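K.L.:
I have a structure here, written as structure tokens, and I will follow up with some questions on it.
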Amino acid sequence: MDMQVIEEMKTFLNFGAQDIANLRALGPVMEPHQQQITDTFYDVLGQHGPTAKLIEGRVDQLKRTHAKWFADLFAGEYGQPYFEGRWRIGQAHVRIGLDPFWVEGVMSLIRTMAATAIAANSADPKDVAQKYASLCKLLDLDLLVINLAYQDDRLARLTDFTGMKRALIENIIRLPKK
Ligand code: HEM
């Protein structure tokens, strides 16, 4: 995992102390909504053929790992161990052959449900907007790491299959179009 890219993206998003404080404060706000969010997440995955077949027979166990993923969002620790954990989650999805756009799609669902939960807890629109913004930044960083795991796997596959060096493949990708 390329921690440099993640640090650069944290800077780009201006993800800092205020976001960490906001996310910690969201922990007790979001905890009562976790079960319903997780249940909806797997209900939706269960309603679509390509995702349903991957979770069939293991939803209870997946709900437990999902609850841990969710709790970590609000634990206030977003250094290398956090992102290494997220990278491993990305690799788990790569391994099962899941197309990455499903992850993008279901992350949108998380954002939507989180917005409703945060808004239900506060009558102050500024407070809601600021806390939601911090959560969105972190969800986007999570998604970035998962997408980097997909990208890494695709480059590794091309390298293995063609025998070409990875740097050469990366250069080909960057060649201007004719
Ligand atoms: C926001 C997006 C997602 C999050 C946060 C998430 C979270 C997780 C977590 C934390 C794990 C456990 C990884 C581990 O074993 O270390 C996992 C595994 C898994 N997820 Fe997801 N997931 C997401 C999207 C999806 C989607 C779209 C599917 C579609 C079917 C899916 C299906 C699975 C399956 C089948 C596993 C088990 C992988 C294995 O056999 O090792 N996930 N997910």
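Computed from the coordinates by the stated procedures, all read-outs in this text should not be read as laboratory data. All values derive from a computational prediction rather than experimental measurement. Every residue, glycine among them, receives a Cβ derived from its backbone with ideal geometry; neighbour counts consider all protein chains shown.
K.L.:
Quick one: order Thr65, Thr11, Thr51 by neighbouring beta-carbon count within 10 Å, fewest to most.
P.N.:
Thr11, Thr65, Thr51
K.L.:
Still on this structure, I have one more. What stretch of the chain, leaving out the sites themselves, is the longest with no GluC sites (Glu not before Pro) in a DSSP loop having at most 15 other Cβ atoms within 10 Å? All intermediate terms of the calculation are to be shown ahead of the outcome.
P.N.:
Details: sites that count: Glu56, Glu77.
My reading of the result: 78-178 is the longest stretch.
K.L.:
Follow-up. What residues have an amide H closer than 5 Å to that of Ser122, excluding those fewer than 5 places away on the same chain, when H is modeled at 1.01 Å from N in the peptide plane?
P.N.:
Here the answer is none, since no amide H 5 or more places off falls under 5 Å of that of Ser122.
K.L.:
Next question, about the same structure. How large is the Rg to Rh ratio of the chain when both quantities use alpha carbon positions and Rh follows Kirkwood?
P.N.:
Radius of gyration relative to Kirkwood radius: 1.01.
K.L.:
Related question: How charged is the neighbourhood of Tyr132? Take every other residue with its Cβ under 13 Å from the Cβ of Tyr132, and add Lys/Arg as +1 and Asp/Glu as -1.
P.N.:
0
K.L.:
Straight-line reach from Lys53: which aspartates and glutamates have a Cα under 20 Å away, not including same-chain ones fewer than 8 places off?
P.N.:
Partners within reach: Asp39, Asp43, Asp99, Glu104.
K.L.:
How large is the dipole of the range 3-151 about the Cα centre if only Lys and Arg carry +1 and Asp and Glu carry -1, each at its Cβ, rounded to the nearest 20 debye?
P.N.:
180
K.L.:
Between the range 136-176 and the range 1-36, what's the alpha-carbon centroid distance in Å?
P.N.:
Answer, in whole Å: 24.
K.L.:
A follow-up question, please. Can you put Leu13, Leu138, Leu109 in order of Cβ neighbours within 10 angstrom, beginning with the fewest?
P.N.:
Result, fewest neighbours first: Leu109, Leu13, Leu138.
K.L.:
Take the chain, connect every pair of alpha-carbon atoms lying under 10 Å apart with a spring to form a Gaussian network, then pick out the residue of Ile118, Ile146, Ile96 with the largest mean-square fluctuation.
P.N.:
Ile96
K.L.:
Given only helices, namely DSSP H runs of n ≥ 4 each adding -39500 (n - 2.57), what is the per-residue ellipticity at 222 nm of the chain, to the nearest 500 deg cm²/dmol? Mind showing how you got there, number by number?
P.N.:
Values: 8 runs with 147 residues, N = 178.
Helix contribution divided over all residues of the chain: -28000 deg cm²/dmol.
K.L.:
Among the listed pairs Lys68/Lys177; Lys10/Lys126; Lys137/Lys165, give every one whose C-alpha distance is greater than 32 Å.
P.N.:
Distance filter (> 32 Å) returns Lys68/Lys177; Lys137/Lys165.
K.L.:
Still on this structure: If you average the sequence gap of Cα pairs under 8 Å that are 6 or more apart and divide by the length of the range 3-151, what percent do you get for the contact order? Mind showing how you got there, number by number?
P.N.:
Numbers: 108 pairs, mean separation 57.6, N = 149.
Relative contact order for the range 3-151 comes out at 39 percent.
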